[in-house]
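Student: Handing you a structure now.
The values are calculated or read from the model by the stated rules, or taken from the named source; none is laboratory data. It should be emphasised that the depicted structure is a prediction, and the values quoted were computed from it without experimental measurement. Quick reminder, even Gly has a Cβ in these numbers, built from the backbone with ideal geometry, and neighbours come from all protein chains shown. We work out accessible area using only protein heavy atoms, side chains counted, and drop any ligands, DNA or RNA first. Shrake-Rupley method; radii C 1.70, N 1.55, O 1.52, S 1.80 Å.
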Amino acid sequence: YMFMSYEAGRADYVTLISNYQPLQAPYGGPNYFKMDPNALYEIHLDNNGDAKEDLTFQFRFQNKFNNVMLPIGGKNVSIPLTQAGQVTAPNAATLNVNETFTVDVMRGDRRGGQRGSVTNATGGSKTFDKPVDNIGTKTIPNYAAYADQHIHTVNVPGCGMPAKLFVGQRKEAFAVNLGTIFDLVNAPVSVITDPSLINAAPNTIDDANVTTLATEMHKSCLTQGT
């Protein structure tokens, strides 16, 4: 997704969103939906109309296994769970796995262009914390407040305006009846093209989540020549 930001005071900012790992549900434990540390996740932008990337945002993830142990039967036993207690802040000691990520900006070709690292506006770190997925209210009493602590103000190479960055679990914004669509589009054309029948069938992914990679930056940082 790409759209002009609509929050007050952000009229000249553009939001870029790429979603991964669809159909996430709260019962997806004990591992939940961690990003692959061996994969490269990218968002490409073409700002001159030649169908080639001019800006590429490259996300890479790291998963740190903390080997949290609990005393069981007089012995310390490693737990096969993501968490060992309540989680309310980034990098919580109760997390058995901490996910972090880095973001690089490639200008020009996404493999051979000019590379620069996105850094935290506070402290200059190149590594960012990712919130654990919404396990439930006993583990994370207020998931919105917890996730908001992972909205980072960042400096983007070649951009004179601070940007915002977030990676984490969000509600699926798309709507589709998956059973019907993937059963060879099992509905008459007269039905699926009738605007009056929008929302007539339930949205089967209305209660699903995705992992969102989102950044918001000033429009001047995305246009040709920047």
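Student: Can you work out the FRET efficiency for the pair K138 and D183, with r the C-beta to C-beta distance and R0 = 41 Å, to the nearest 0.05?
Tutor: Rounded to the nearest 0.05, the efficiency is 0.60.
Student: Here is a follow-up. Take A201, project a point 7 Å from its Cα along the Cβ direction, then tell me which residues of region 166-190 have their backbone nitrogen under 20 Å from it.
Tutor: 172-190
Student: If r is the Cβ-Cβ distance from R107 to M161 and R0 is 22 Å, what FRET efficiency results, to the nearest 0.05?
Tutor: Using R0 = 22 Å, I get an efficiency of 0.85.
Student: Just to confirm my numbers, what's the Cα centroid distance between region 144-182 and region 68-121 in Å?
Tutor: Centre-to-centre (Cα) distance: 17 Å.
Student: Per-residue HN-Hα couplings for region 205-215, Karplus 6.51 cos²θ - 1.76 cosθ + 1.60 at θ = phi - 60°, whole Hz, x for Gly and Pro?
Tutor: Each residue of region 205-215 in turn: 10, 5, 9, 9, 10, 9, 9, 9, 10, 10, 9 Hz.
Student: Compute the signed sum of charges (Lys and Arg +1, Asp and Glu -1) over the other residues within less than 10 Å, Cβ to Cβ, of N63.
Tutor: Overall, the nearby charge balance is +1.
Student: With a sphere of radius 14 Å drawn around the Cβ of R10, what net charge do the other residues whose Cβ falls strictly inside it have (Lys, Arg +1; Asp, Glu -1)? Write down the numbers at each step before the final one.
Tutor: Values: positive: K164, K219; negative: E7, D12, E216.
With Lys, Arg at +1 and Asp, Glu at -1, the neighbours total -1.
Student: Once fully extended, how much extra length lies between N31 and D148, figured as 0.36 nm per residue of separation less the alpha-carbon to alpha-carbon distance?
Tutor: Here the answer is 39.9 nm.
Student: Taking R0 as 22 Å, what FRET efficiency do you get between Q224 and L40 from their Cβ-Cβ distance, rounded to the nearest 0.05?
Tutor: 0.30
Student: May I ask you to work out the translational diffusion coefficient for region 144-216 at 4 °C, viscosity 1.567 mPa s, via Stokes-Einstein with Rh from the Kirkwood sum over Cα pairs, reported in whole µm²/s? Could the numbers behind the result be given before it?
Tutor: Working: Rh = 15.6 Å.
The calculation lands on 83 µm²/s.
Student: OK, next. If each residue of separation counts as 0.36 nm, what is the full-extension length gain between T127 and L23 once their alpha-carbon separation is subtracted? Please report the intermediate quantities before stating the final value.
Tutor: Working: separation 104, 0.36 × 104 = 37.44 nm, distance 2.75 nm.
Between T127 and L23, full extension yields an extra 34.7 nm.
Student: Using a ≥ b ≥ c from the Cα gyration tensor of the chain (square roots of the eigenvalues), is it rounded, prolate or oblate, where a/c under 1.5 gives rounded and otherwise the larger of a/b and b/c decides, a/b for prolate? Numbers along the way, then the final one.
Tutor: Working: a/c = 1.97, a/b = 1.11, b/c = 1.78.
Cα axes put the chain in the oblate bin.
Student: Taking the Kirkwood radius as the inverse of the mean 1/r across Cα pairs, report the Rg/Rh of region 93-182.
Tutor: Details: Rg = 17.1 Å, Rh = 15.8 Å.
When Rh is taken as the Kirkwood radius, the ratio is 1.08.
Student: I've got another one for you. Over the Cα atoms of region 1-125, Rg to Rh with Kirkwood Rh, two decimal places? Write out the running numbers ahead of the final one.
Tutor: On the way: Rg = 19.3 Å, Rh = 18.0 Å.
Reported Rg/Rh, Kirkwood definition of Rh: 1.08.
Student: Which is the longest part of the chain that has none of the chymotrypsin sites (Phe, Trp or Tyr not before Pro) sitting in a DSSP loop with at most 16 other Cβ atoms within 10 Å?
Tutor: The reported range is 28-173.
Student: Summing Lys, Arg as +1 and Asp, Glu as -1, what charge do residues with Cβ under 15 Å from the Cβ of P90 carry, P90 excluded?
Tutor: Result for the local shell: -2.
Student: Let me ask something else. Return the distance in nm (one decimal) between the two label points of a simple spin-label model at A208 and F174, each offset 7 Å from Cα along Cα→Cβ.
Tutor: The answer from the label model is 0.8 nm.
Student: Report the accessible area of L23, computed with a 1.4 Å probe over the heavy atoms of all protein chains in place, in Å² rounded to the nearest 10.
Tutor: 110
Student: In Å and whole numbers, how far do the C-alpha atoms of region 64-130 stretch along each principal axis, longest first?
Tutor: If we take the Cα atoms of region 64-130, the spans are 59, 26, 13 Å.
Student: Whole-Hz ³J(HN,Hα) for each residue in region 57-69, computed from phi via Karplus 6.51 cos²θ - 1.76 cosθ + 1.60 with θ = phi - 60°, x for glycine and proline: what do you get?
Tutor: Result, ordered by residue: 9, 10, 9, 10, 10, 10, 10, 9, 8, 8, 6, 5, 10 Hz.
Student: Within the chain, what is the longest stretch that has no trypsin sites (Lys or Arg not before Pro) placed in a DSSP loop and near at most 11 other beta-carbon atoms within 10 Å?
Tutor: The answer is 139-226.
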